[in-house]
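These notes concern the structure reproduced below.
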Amino acid sequence: MKKYFFIFGLIIIFTNMFSQNDAKIKVEPPNWWTEMKNKELQLLVYYPNIAETDVVIDSKLVKLVKVNTVENKNYLFIDLLIDENAKAGNFDIAFNKGKKNVVKYNYVLNEKTAQKRGFSSADFIYLVMPDRFANGNPDNDNSADTYQKVNREDGHARHGGDIQGLVNKLDYLKELGVTAIWATPIQENNTKIYSYHGYGMTDFYRADPRLGTNEEYVEFVKKCHQKEIKVIMDMVFNHCGDTHWWIKDLPEKSWLNTDSLFTTNYRGSTVVDPHASEYDAKKMVAGWFVARMPDLNQYNKYLANYLIQNSLWWIEFAGIDAIRMDTQPYSYKEFMAKWAERVHLEYPDFTLLGETWLDDVANVAYFKGDTKIQTGYNSGLNTITDFPLNYAMRDAFNQEDGWASGLSRLYSVLVQDFLYGDANTNVTFLDNHDIDRYFSSVDEKLDKMLMGFGFMLTTRGTPTLYYGSEILMNGKEHWGHPTIRKDFPGGWKEDKINAFTKEGRTDDQNTLHNFITKVANYRKTSKALTEGKLVHFVPDNNTYVYFRYTDNEAVMVILNNHNTEERTINKERYAEILKKYSSATNIVTAEKLTNLDNIKVPKKSITILQLNK
Ligand code: CA
């Protein structure tokens, strides 16, 4: 029954939003909500010579505060104040010349929904590139109003995967133990080339028609929530696509960073470096990410409002749980802090995850809202992408163990957790859409894959699985992006192999898949693994032992990194934890250990034990 109300509600919203309005006028945000804490709203209006009109609003819902004209006469920025007591409703914004009306826009205010949102260390995130995952609707593969067409033979072209494909695979993900989905951007990317990845947006308010409609995205979020899966939406404030509609007719020259037509140096370190030159620091944030992605100047006050309101709009419109912000250090950091403040004012529990692709723990910790580093700057981000631990996870099982190599890489990064308030909220990952597939990082060795996933799922942090790594997909960044963004086999009707099913997977694929399923689903029920304290012991003799525990439960993890020899773990060194326990259960094999005095672990392996009193 509820569903019908929902669809009926949507029909009303969309009817109001679009059908009555002149197709030539663009108003963004296209609608808004009552009961926002901040009652201010700034509308971007785009229409030929709109600056030559008078704006008239006759409504008790809002007060017209100010009409701002900018360099380009085709734009107006209208400041509104929503009435404290306004209930959902709509009003006309009339643009008049003298007594004659030029154009009108019917603006809708809906009621804000109060929901708790956000993700935590209890979650297990699945990062997916929708174009490459599953094609749930072949009818939307090409659209008349977008440039790039489907061609699965071309790794840089569109492949046809979509939002419906994600919906179709929710049960697969749920079974795997996934509790949150982070899809690379679904917003329109109508660029002429390389549009499939989503990071060159050409319309901030519209889902790309080749992925689906805005309404389909809303339905996707709703279906995820029904299955207790959260949705993390990917956004980009640093840049846009070169064919964005406002790029063709900019409101103001300063909308973009054009006085510095060079590419960024990709050195996020210049943002924190006390010795950084002005040249380097400027090149980092004002340089373009690539030539096809114009760099947005968030010092332009209209653009700043525009971006902040866009994220609030998606939170309320689609009911998402979190935002993953692309290229966080490349945008002006003062603006980014303002954005986080604004989001958290409306949604205190909402999670903001910043992509912080930086080498060192200190650099990354600087960008996290709970940083312990006293510089006077606070990003307000709830969490960051833990690249330093990623680098360590890629090294650890490939290297010989030494003072600073092999397992010590893991140990040494975790030691630096004192720079974070709570490192357990860090988002961890073995690989992602920009770097080598983990399987390729570990020389396509299954034992190292199991160690990597086992470690990530049991150490501190909020783990992320990059789609396809559960079935041993390979690929290296320097082989070209298409090699790390291949289609998930079975996502297309014509696929000969369907790796979404046990029968369609090889034995090795099933070994890893079953392992992840076991550990991730166990993790869901284990406070020790999701909230517990981490205590680890300095790696020794090719082994690394750590515990996750609460007052009531404990998990012991043993990594043996030796290529040929088994190891025996003697209770004595670990007595501070083990003294409370008499037996253990291997959470993967279900094997029981009735004596913890000497635990034998095979070569090149991970052993995960639930400790029993
Ligand atoms: Ca499709």
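The values are calculated or read from the model by the stated rules, or taken from the named source; none is laboratory data. Bear in mind the structure is a predicted one, so any value in this text is a computation, not a measurement. Heads up, the Cβs are rebuilt from the backbone with ideal geometry, glycines too, and the neighbour counts pull from every protein chain shown. Ligands, DNA and RNA are stripped out before the accessible areas are found, and what is left, the full protein with its side chains, is counted by its heavy atoms. Shrake-Rupley method; radii C 1.70, N 1.55, O 1.52, S 1.80 Å.
May I ask you to compute the full-extension gain from Lys524 to Glu334, defined as 0.36 nm times their residue separation minus their alpha-carbon distance, rounded to one decimal in nm?
Residue separation times 0.36 nm, minus the Cα-Cα distance, leaves 64.7 nm.
Can you give me the distance in nm between label points at Ala575 and Lys301, each placed 7 Å from the Cα along the Cα-to-Cβ direction?
Placing both labels 7 Å along Cα→Cβ, they lie 6.9 nm apart.
Would you calculate, for the chain, the mean residue ellipticity at 222 nm contributed by helices, counting each DSSP H stretch of 4 or more residues as -39,500 (n - 2.57) and dividing by all residues, to the nearest 500?
The helix contribution divided over the chain gives -7500 deg cm²/dmol.
Among Gly161, Leu127, Leu534, whose Cα lies farthest out toward the positive end of the dipole of the chain, if unit charges sit on the beta carbon of Lys, Arg (+1) and Asp, Glu (-1)?
Leu534
Give the accessible surface of the chain per residue, rounded to a whole number of Å², with probe radius 1.4 Å and ligands, DNA and RNA excluded.
41
Under the 0.36 nm per residue contour assumption, what length would be gained going from the current alpha-carbon distance of Asp597 and Met36 to full extension?
196.0 nm
Identify, among Trp32, Asn96, Trp357, the residue whose Cα sits farthest towards the positive end of the charge dipole of the chain, taking +1 on the Cβ of Lys and Arg and -1 on the Cβ of Asp and Glu, with the dipole about the Cα centre.
Trp32
Per-residue counts of other Cβ atoms within 10 Å, averaged by peptide: what ranking do you get for 429-442, 588-601, 397-410, highest first?
429-442, 397-410, 588-601
Dividing the convex hull volume of the Cα atoms of region 530-612 by its residue count, what figure in Å³ per residue is obtained?
Hull volume normalised by residue count: 90 Å³.
Taking the convex hull of the Cα atoms, report for region 84-147 its projected area averaged over all directions, in nm².
10.7
Taking all protein chains together and a probe of 1.4 Å, list Ile247, Ile181 from the most accessible to the least accessible.
Descending accessible area places them as Ile247, Ile181.
With a Förster radius of 30 Å, plug the Cβ-Cβ distance of Asp154 and Thr501 into 1/(1 + (r/R0)^6) and report the FRET value to the nearest 0.05.
According to the calculation, E is roughly 0.65.
From the square roots a ≥ b ≥ c of the eigenvalues of the alpha-carbon gyration tensor of the chain, which class results: rounded (a/c under 1.5), prolate (a/b over b/c), or oblate?
Cα axes put the chain in the prolate bin.
For the Cα atoms of the chain, what angle does the longest principal axis make with the long axis of helix 2-14, in degrees from 0 to 90, nearest 10?
In the chain, helix 2-14 runs at an angle near 40 degrees to the longest axis.
How big is the charge dipole of region 19-111 about its Cα centre, in debye rounded to the nearest 20, if each Lys and Arg gets +1 on its Cβ and each Asp and Glu gets -1 on its Cβ?
Dipole of region 19-111, to the nearest 20 debye: 280 debye.
Report the Cα centroid-to-centroid distance between region 505-528 and region 389-444 in angstrom, as an integer.
Comparing the Cα centres of region 505-528 and region 389-444, I get a distance of 20 Å.
If you wrap a convex hull around the alpha carbons of region 490-589, what volume per residue comes out, as a whole number of Å³?
Dividing the Cα hull volume of region 490-589 by its residues yields 146 Å³.
Placing +1 at every Lys and Arg Cβ and -1 at every Asp and Glu Cβ, with all other atoms neutral, what dipole size does region 530-612 have around its Cα centre, in debye to the nearest 20?
It works out to roughly 100 debye.
Could you sort 54-64, 21-31 so that the peptide with the highest average Cβ count within 10 Å comes first and the rest follow in order?
Per-residue mean Cβ counts within 10 Å order the peptides as 21-31, 54-64.
Would you list which lysines come within 17 Å of Lys230, measuring only between C-alpha atoms, while excluding same-chain residues fewer than 8 positions from it?
In chain and number order, the partners are Lys116, Lys169, Lys174, Lys222, Lys524.
Quote to one decimal, in nm, the extra length available between Glu215 and Glu566 on full extension: 0.36 nm per residue of separation minus the C-alpha distance between them.
Gain on stretching Glu215 to Glu566: 120.8 nm.
Please compute the net charge surrounding Val535, taking Lys and Arg as +1 and Asp and Glu as -1 over other residues with Cβ under 9 Å from its Cβ.
After counting each charged neighbour, the total is +1.
Given the peptides 293-299, 251-257, arrange them by the average over their residues of other C-beta atoms within 10 Å, most packed first.
Result, highest mean Cβ count within 10 Å first: 293-299, 251-257.
So what is log10(I(q)/I(0)) for region 19-111 at q = 0.19 1/Å, when the Debye sum runs over its Cα atoms only?
Each listed q maps to, in turn, -0.86.
Quick one: pull the percent of accessible area on the chain belonging to carbon and sulfur, 1.4 Å probe, ligands and nucleic acids left out.
About 50 percent, which is the carbon plus sulfur part of the accessible surface.
Among Leu578, Ala86, Phe317, pick out the residue whose Cα is farthest towards the positive end of the charge dipole of the chain, where Lys and Arg carry +1 and Asp and Glu carry -1 on C-beta, about the Cα centre.
Ala86
If you put +1 on each Lys and Arg Cβ and -1 on each Asp and Glu Cβ, how big is the dipole of the chain around its Cα centre, in Debye rounded to 20?
The calculation lands at about 980 debye.
Tell me the net charge near Lys104. Cut-off is 9 Å between Cβ atoms, Lys104 excluded, with +1 for each Lys or Arg and -1 for each Asp or Glu.
Local net charge: -2.
For region 283-345, run through the trypsin sites (Lys or Arg not before Pro) and keep only the ones in DSSP coil with at most 16 other Cβ atoms within 10 Å of their Cβ.
Arg292
Determine the distance separating the Cα centre of region 270-305 from the Cα centre of region 113-182; give it in Å without decimals.
That distance is 31 Å.
Between beta-carbons, use under 11 Å as the cut-off and find the net charge around Phe262, counting Lys and Arg +1, Asp and Glu -1.
0
Go through region 135-225 and name the trypsin sites (Lys or Arg not before Pro) that are in a DSSP coil and have 13 or fewer other Cβ atoms within 10 Å of their Cβ.
Listed in order of number, the matching sites are Lys149, Lys192.
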